[in-house]
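Here the structure comes first, spelled out in structure tokens, and everything after it is commentary.
Only the coordinates and a few stated rules stand behind these numbers; no lab work does. Just so it is clear, the structure is predicted and the values come from calculations on it, not from any experiment. Ideal geometry is used to build each Cβ from the backbone, glycine not excepted, and the neighbour counts take in all protein chains shown.
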Amino acid sequence: MKHHLVLRVVTKLMIPFILIFGLYVQFHGDFGPGGGFQAGVIIAAAFILYALVFGLEEARKVVPDGALRILVPAGVLIFAGTGVATLLMGGKFLDYDVLRPSDTGGQHLGIWLVEFGVGTTVAAVMIAIFFTYAARPHQIDDEDW
């Protein structure tokens with residue numbers, strides 16, 4: 001891929017916009033279409049594009065396996081921790097009203113935390129799945145084609 005200069009330059013220009021759009025979807029999800037799952041997929045797509053153009057080893061330098069091992073459970077803990085916090089504050093599991101005293105403040109905070117946890121987990125899992133399958137040796141025989 002080193003000789004595809006145009007592809008490499010265009011990818012470097014596109015990735016920041018893909019990530020910004022993913023963040024927009026993440027933070028706009030509680031007001032309209034979008035949310036954690038969609039944002040996680042978009043953000044993961046940016047890193048997968050990077051890996052496809054610049055190589056798997058370069059992508060692993062950007063997102064090391066250790067970071068993925070932390071981000072996957074961290075997102076789940078954010079999601080579940082929000083629910084446990086509402087239980088400890090006297091509400092039901094994921095009853096956001098107990099998080100803040102205002103009418104909509106608790107709903108907004110609760111949805112934001114849950115969607116952030118989902119987005120973190122989805123992005124990390126998708127990147128981890130891609131890294132796992134991309135690292136496997138290719139075993140295609142001429143007879144299969």
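Quick rundown of the values:
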| item | result |
| --- | --- |
| P(r) histogram, all alpha-carbon pairs of the chain included - 10 Å bins from 0, percent | 12, 31, 28, 17, 8, 3, 0 |
| Residue with peak Gaussian network fluctuation, the chain [Cα springs, cutoff 10 Å], from L113, L87, L77 | L87 |
| Structure-based [θ]222 nm, the chain - -39500 (n - 2.57) summed over DSSP H runs of at least 4, per residue, nearest 500 | -25000 deg cm²/dmol |
| Restricting the range 13-102 to trypsin sites (Lys or Arg not before Pro) in coil, as DSSP defines it, with at most 16 other Cβ within 10 Å | K92 |
| Table column - 3J(HN,Hα) (Hz), the range 78-95, Karplus curve with 6.51, -1.76, 1.60, x for Gly and Pro | 4, 4, 5, x, 5, x, 5, 4, 5, 5, 5, 8, x, x, 8, 4, 6, 8 |
| Rel. contact order, % - alpha carbon contacts under 8 angstrom, at least six apart, the range 5-137 | 30 |
| Nearest-ten-degree value, helix 5-28 long axis tilted from longest Cα axis of the chain | 10 |
| R0 of 30 Å, Cβ-Cβ distance F27-D95: FRET efficiency to nearest 0.05 | 0.85 |
| Ranked by how many other beta carbons lie within 10 Å on average, peptides 99-108, 37-46, 16-25, 118-127 from highest | 118-127, 37-46, 16-25, 99-108 |
| Anisotropy class of the range 39-96 from Cα gyration tensor, a/c 1.5 cut | prolate |
